Amino acid sequence: MSPFDVAYVRSQFPALRRMVDGQPAAYLDGPGGTQTPQRVLDAVVDYLANHNCNIHGAFVTSEETDAVVQAAHEAGADLVGCHSEEVSYGANMTTLGFLLSDAIARDIRPGDEVLITQLDHEANRGPWQRLAERGAVIREAPVDLETCSLDWSAFEKLVEPGKTNGSRAIDRQAIYEVYFHGPAYQVVSSAWRAGDRSAAQFAADLPANHSPDDQPTQAAPRLIELCFQAAGLWEAGRDGRLALPTHVTRAVVLGSAGEAAEGPLTVSALQGTDGFDCVVTDASGAVAVRLEGYRTVALPQPLADDVQAPIRAVMTD
């Protein structure tokens, strides 16, 4: 790998050629706006001069604008590992944060909890703190001043359902009264309802998944199983039956899918018209596994009422 050419990178930013009192300028205002490289300036000028138009029109400049917008979304999706439809561009992070919190605010009820951290930029704190006006409980994960990193012990206590509040969760014992997996695949430590979907936390105390246990796996099988079980708890709680997998439209296992990721791994499972869509994320929100179109077939025998009861109490209204 060639060494990083600092001089070349600096040469791409016209702002770095500025002199102040005979000295090169140093820009320390990152949160207030970053400096722009020449190729971006050229692209903006070219667009405004030759292609500027509203989107979705039936004429050349509009079609060219649509292509530029689509290419930008695809590039963003490639960078973060998601679909281009999930990428949203806006004026700045603060504006996007407030727009997102305003959208979510419609579903916030008094007593709902929002977790933020002391490490976040104000753009990812202020919009969520404002939800307290709607009765949301804002909890904050502290910084470990010795390491200047997130206090993971405090964080895990805040995100574990039932430990800091009255929220309901299904404990591990109740879950594996329903499921019949062996110890290596009892992957859920607790599960809960998150609005219109189920959610679960990955168990951190599992025995070896395979032998030799120091060899990597290709497809994160236990995280895929975490998706299956989270979706199954939604079905068991609402339909009263266990179900077996029959189809997965798409499974994406990203490089961050190691089970030893820093901080807890959680999954959310949302049931749609084409089955469940499941996403496993780490504590920072980075996606580790994405499962789409997971469909099942229900077993004929309903669950015994006493076995289903603790799951039904959490997964239904």
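The values are calculated or read from the model by the stated rules, or taken from the named source; none is laboratory data. Note that the coordinates shown come from a computational prediction; the quantities given were computed from them, not determined experimentally. Using ideal geometry, Cβ is built from the backbone for each residue, glycine included, and neighbour counts are taken over all protein chains shown.
Tabulated results
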read-out: Residues within segment 53-103 that are under 23 Å from residue 286 (Cα atoms) and part of a loop (DSSP other than H, G, I, E, B), tallied; value: 9
read-out: Segment 70-119, residues that are farther than 19 Å from residue 133 by Cβ and of a type in the set (A, V, I, L, M); value: 71, 72, 75, 77, 79, 80, 87, 91, 93, 96, 119
read-out: Residue that is farthest from residue 240 (Cα to Cα) [pool: residues in segment 270-317 that are surrounded by 15 or more Cβ atoms within 10 Å (Cβ to Cβ) and polar (S, T, N, Q)]; value: 281
read-out: Of all residues making up segment 290-316, the number that are β-branched (Val, Ile, Thr), in contact with a Ser or Thr (Cβ under 9 Å, 6 or more places away or on another chain) and modelled with pLDDT of 90 or more; value: 2
read-out: Residues being outside any helix (DSSP H, G or I), over 20 Å from the mean Cα position of the chain (by Cα) and of a type in the set (D, E, K, R) - total across segment 121-150; value: 2
read-out: In segment 186-236, residue surrounded by the fewest Cβ atoms within 10 Å (Cβ to Cβ) [restricted to those that are assigned to a loop (DSSP other than H, G, I, E, B) and modelled with pLDDT of 90 or more]; value: 186
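Listed here are the residues, each with its yes/no results for (1) at pLDDT 95 or above; (2) touching a Cys at 6+ places or on another chain (Cβ under 7 Å); (3) surrounded by 12 or more Cβ atoms within 10 Å (Cβ to Cβ).
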site: 17; (1), (2), (3): no, no, no
site: 28; (1), (2), (3): no, no, no
site: 35; (1), (2), (3): no, no, yes
site: 51; (1), (2), (3): yes, no, yes
site: 60; (1), (2), (3): yes, no, no
site: 82; (1), (2), (3): no, no, yes
site: 93; (1), (2), (3): no, no, yes
site: 98; (1), (2), (3): no, no, yes
site: 107; (1), (2), (3): no, no, no
